[in-house]
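K.L.:
Sharing a structure with you now.
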Amino acid sequence: MDPNSCTTNSVSGFYNLLSRELNNLDQNFLSHNNFMSIQFLQQVLSSLQSFNSQLTLLVQKLHLPTGEKWLDEYMDESSRLWEACQVLKSGVSAVENFIASATNIVSSLDNYHHLNPVMSRQVIRAISICQRETVGLEEDNRVLMETRIQQLSLCDDLNWIDVPMDSKFNGFSGFRGVLHAMRKVSSFLLLILFNGLVFCLPESSSFNDQGDNYEANAILGSAGFMVSMARLRQRVANEMEQFYGQSGILLYEFRGSKTTMEELKVVLERMAEFEEESNDDDHNINNDDLQYQIEKLRSGFGLLRSGVETIIGQLDDFFDEIVEGRKKLLDMCSSHSHR
């Protein structure tokens, strides 16, 4: 995405930015066959970063009065973004530990053609230990979600989608309405990131709209970005139906790696059993099915590791951007007050 294409100097321009970027995410969502893939989640996080940086620039363009409540409201929202990203980073860092354990297993299989029943049993035990660790990390992430999601009020922000255009939201040259819109959009995008990277709660139906006329209600709100958000929200809700009643980390590459590890375990168990029954301990396992599963696991964890590292890097950049944005506005208000 060209950053120059989404700069905005007005309130209406910011609303257009929200609409345009949400439409881009909608198209990207359709182009990805794999729900909650690393690539899509990276784009969601990039959009969140873009909205935050453009909001900071907009504030500087609006020349808002020093010492007014708008600064407190901006600081509250940026603090909420900071806290949400801390939760995201904690959840993603836990996945890094899973990758490290699984990578050790893949490395131990580099000489797979020399495996015998004893060695294959050792690998099976290592896989079982890794799987138990995975259950533990998902449980930790579940607790993280349950304890922090309510504090951040993400689901509450999606209980209604339209932005009331009354005098309250026209305050501060329209900035208050922009901040309200930003909060709703960011809550929606954060929920996508949480479900993909941290944990999807079994009752996670927060993407479903309240009522059947969501698009009509959005249009009545006279803000095109709400139509864009409603459309993407419905697509996500439709995909979420396949996980109804389930829980866990929805990240596509994470789920795929867990499945591949289990498949490899099954192959090793079957071959170890065959070797033991044949009473031929010197007969090494050399099987195309085994080689295929090992390479599949190696490739899957390579993609997962690369994606997780990229997400963590993005989050670290986002932390810096939030701090820098807050500092800029504080400095701006401080300089104005001394004139």
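The values are calculated or read from the model by the stated rules, or taken from the named source; none is laboratory data. Note that this is a predicted model, so its numbers are computed, not measured. Don't worry about glycine lacking a Cβ; one is built from the backbone with ideal geometry, like all the others, and counts go over all protein chains shown.
K.L.:
Quick check on this structure: which one of Leu71, Leu64 is part of a loop (DSSP other than H, G, I, E, B), out of contact with any Ser or Thr (no Cβ under 6 Å at 6 or more places or on another chain) and more than 30 Å from Phe199 (Cα to Cα)? Full working, then the answer.
P.N.:
Details: Leu71 fails: part of a loop (DSSP other than H, G, I, E, B).
Of Leu71, Leu64, the one residue that is part of a loop (DSSP other than H, G, I, E, B), out of contact with any Ser or Thr (no Cβ under 6 Å at 6 or more places or on another chain) and more than 30 Å from Phe199 (Cα to Cα) is Leu64.
K.L.:
I'd like to check something: does the range 67-86 contain any residue that is over 30 Å from Val11 (Cβ atoms) and surrounded by 17 or more Cβ atoms within 10 Å (Cβ to Cβ)?
P.N.:
For the range 67-86, residues over 30 Å from Val11 (Cβ atoms) and surrounded by 17 or more Cβ atoms within 10 Å (Cβ to Cβ): absent.
K.L.:
Tally the residues that are touching a Ser or Thr at 6+ places or on another chain (Cβ under 8 Å) and either under 30 Å from Phe301 (Cβ atoms) or not in a helix (DSSP H, G or I) (or both), restricting the search to the range 25-40. Write out each step before concluding.
P.N.:
Taking the range 25-40 first, the residues touching a Ser or Thr at 6+ places or on another chain (Cβ under 8 Å) are 25-26, 38.
Filter again for either under 30 Å from Phe301 (Cβ atoms) or not in a helix (DSSP H, G or I) (or both), leaving 25, 38.
Final tally of qualifying residues: 2.
K.L.:
Taking the criterion of being touching a strand residue (DSSP E or B) at 6+ places or on another chain (Cβ under 6 Å) and either in a helix (DSSP H, G or I) or modelled with pLDDT of 95 or more (or both), would at least one residue in the range 133-151 satisfy it? So that I can check it myself, show each step before the final result.
P.N.:
To start, the set of residues in the range 133-151 that are touching a strand residue (DSSP E or B) at 6+ places or on another chain (Cβ under 6 Å) comprises 138.
Checking which are either in a helix (DSSP H, G or I) or modelled with pLDDT of 95 or more (or both) leaves us with 138.
Yes, the range 133-151 contains at least one residue that is touching a strand residue (DSSP E or B) at 6+ places or on another chain (Cβ under 6 Å) and either in a helix (DSSP H, G or I) or modelled with pLDDT of 95 or more (or both).
K.L.:
From Leu232, Leu250, Leu297, grab the single residue that is at pLDDT 90 or above, in a loop (DSSP other than H, G, I, E, B) and crowded, with 20+ Cβ neighbours inside 10 Å.
P.N.:
Numbers: Leu232 fails: in a loop (DSSP other than H, G, I, E, B); Leu297 fails: in a loop (DSSP other than H, G, I, E, B).
The match here is Leu250.
K.L.:
If you don't mind, there's one more thing I want to ask. Scan (1) over 19 Å from the mean Cα position of the chain (by Cα); (2) farther than 18 Å from Glu138 by Cα for the single condition Ala237 breaks and write down its number.
P.N.:
In the conditions (1) over 19 Å from the mean Cα position of the chain (by Cα); (2) farther than 18 Å from Glu138 by Cα, Ala237 misses (1) alone.
K.L.:
For the range 118-143, give me each residue that is out of contact with any Phe, Trp or Tyr (no Cβ under 7 Å at 6 or more places or on another chain), crowded, with 18+ Cβ neighbours inside 10 Å and either more than 20 Å from Gln293 (Cβ to Cβ) or free of Cβ contacts under 8 Å to residues at least 12 places away in the same chain (or both).
P.N.:
Met119
K.L.:
A further question follows. Quick check on the range 157-187: of everything there that is polar (S, T, N, Q) and either surrounded by fewer than 16 Cβ atoms within 10 Å (Cβ to Cβ) or assigned to a helix (DSSP H, G or I) (or both), which residue is modelled with the lowest pLDDT? Break it down stepwise before answering.
P.N.:
We begin by selecting, within the range 157-187, every residue polar (S, T, N, Q); these are 159, 167, 170, 173, 186-187.
From what is left, the residues that are either surrounded by fewer than 16 Cβ atoms within 10 Å (Cβ to Cβ) or assigned to a helix (DSSP H, G or I) (or both) are 159, 167, 170, 186-187.
Numbers: Asn159: 61, Ser167: 46, Asn170: 63, Ser186: 94, Ser187: 91.
Among those residues, the one meeting the criterion is Ser167.
K.L.:
Also: Take the conditions crowded, with 21+ Cβ neighbours inside 10 Å and assigned to a helix (DSSP H, G or I) and apply them to Leu57. Does it pass?
P.N.:
Values: crowded, with 21+ Cβ neighbours inside 10 Å: no; assigned to a helix (DSSP H, G or I): yes.
No, not satisfied.
K.L.:
From the list His283, His336, which residue is at pLDDT below 95 and under 30 Å from Glu73 (Cα atoms)? Even if it seems obvious, please write down each step before you answer.
P.N.:
Details: His283 fails: under 30 Å from Glu73 (Cα atoms).
Exactly one of His283, His336 is at pLDDT below 95 and under 30 Å from Glu73 (Cα atoms), namely His336.
K.L.:
What number of residues within the range 255-277 are more than 15 Å from Lys296 (Cβ to Cβ), of a type outside the set (Gly, Ala, Ser) and touching a residue at least 24 places away in the same chain (Cβ under 8 Å)? Steps first, please.
P.N.:
First, the residues of the range 255-277 that are more than 15 Å from Lys296 (Cβ to Cβ): 269-277.
Next, from what is left, pick out any that are of a type outside the set (Gly, Ala, Ser): 269-271, 273-277.
If we keep only those that are touching a residue at least 24 places away in the same chain (Cβ under 8 Å) as well, we get 269, 271, 275-276.
So the count comes out to 4.
K.L.:
Any residue in the range 199-213 that is part of a helix (DSSP H, G or I), more than 25 Å from Ser50 (Cβ to Cβ) and at pLDDT below 90?
P.N.:
In the first step, residues of the range 199-213 are kept if they are part of a helix (DSSP H, G or I); the result is none.
No - not one qualifying residue is present in the range 199-213.
K.L.:
Which condition number in (1) at positive phi; (2) at pLDDT 90 or above is the one that Cys130 fails?
P.N.:
That leaves (1) as the condition not met.
Yes/no per residue for (1) at pLDDT below 95; (2) charged (D, E, K, R); (3) closer than 30 Å to Arg298 by Cβ:
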{"position": "Thr7", "(1), (2), (3)": "yes, no, no"}
{"position": "Ser12", "(1), (2), (3)": "yes, no, no"}
{"position": "Ser47", "(1), (2), (3)": "no, no, no"}
{"position": "Lys61", "(1), (2), (3)": "yes, yes, no"}
{"position": "Gly67", "(1), (2), (3)": "yes, no, no"}
{"position": "Tyr74", "(1), (2), (3)": "yes, no, no"}
{"position": "Glu96", "(1), (2), (3)": "yes, yes, yes"}
{"position": "Ser101", "(1), (2), (3)": "yes, no, yes"}
{"position": "Ile105", "(1), (2), (3)": "yes, no, yes"}
